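Below you'll find the structure, written out as C-alpha cells, and then a few comments.
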C-alpha cells in the first residue's frame, strides 16, 4: 500500500493529509471548537474530525476551495440569518478559503450544539 493512501487515525494526521490550501483554516476551526467545547472528545467519525459530548456536536473537513463545517440541521436552522452569506445545505456549511474564518460564528454554533446535546440527552434519558 502506498503510504499516501493510509487513512488518518487522528485529527492532526487528518489536517496534515488535507489539501495544503485548507490546512490553516482547519487548524483555526479545530482551535475554535476546542475552546468552545473543552469537554468534548476529539476523534474521527466517517473519516472526518468530530467532537462528541454525549453525541456528535460538530465535524469538519478541508477541501481545495472551502472548509466544510457540519453542525447538524438544528444548528443550520437556528443560525439561518447569520449563515446567509455562506453556502449551506441541510446539515453543512461551506466556509470559503479566500475569506477569513468566522470564528465567532463557529464558536456560537458549537456552544449551541453543546447545549442542544445536553438538553437532548436529558429528554432521552429522563
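Once the Cβ-Cβ distance of residue 10 and residue 65 is raised to the sixth power relative to R0 = 25 Å, the FRET efficiency obtained is 0.50.
Taking 0.36 nm per residue of separation and subtracting the current Cα-Cα distance, fully stretching the chain between residue 41 and residue 80 would add 11.4 nm.
Where does each of 110-118, 54-62 land if you order them by average Cβ count within 10 Å, highest first?
54-62, 110-118
For the peptides 31-38, 98-105, residues were scored by their other Cβ atoms within 10 Å and the scores averaged per peptide; the highest-first order is 31-38, 98-105.
If packing is taken as the average number of other Cβ atoms within 10 Å across a peptide's residues, how do 19-28, 6-15 rank, most packed first? Display every interim value, and only then the final one.
Details: 19-28: 16.2, 6-15: 14.4.
By packing density, highest mean first, the sequence is 19-28, 6-15.
Here the simple spin-label model places points 7 Å from the Cα toward Cβ, and for residue 118 and residue 21 these points are separated by 3.9 nm. Its DSSP H runs of at least 4 residues, each contributing -39,500 (n - 2.57), put the calculated 222 nm mean residue ellipticity of the chain at -12500 deg cm²/dmol, to the nearest 500.
Every read-out reported here was derived from the displayed coordinates using simple, explicitly stated rules and does not represent laboratory data. All of these numbers come straight from a predicted model, not from anything done at the bench. Counting neighbours? That spans all protein chains shown, and the Cβs are built from the backbone with ideal geometry, glycine included.
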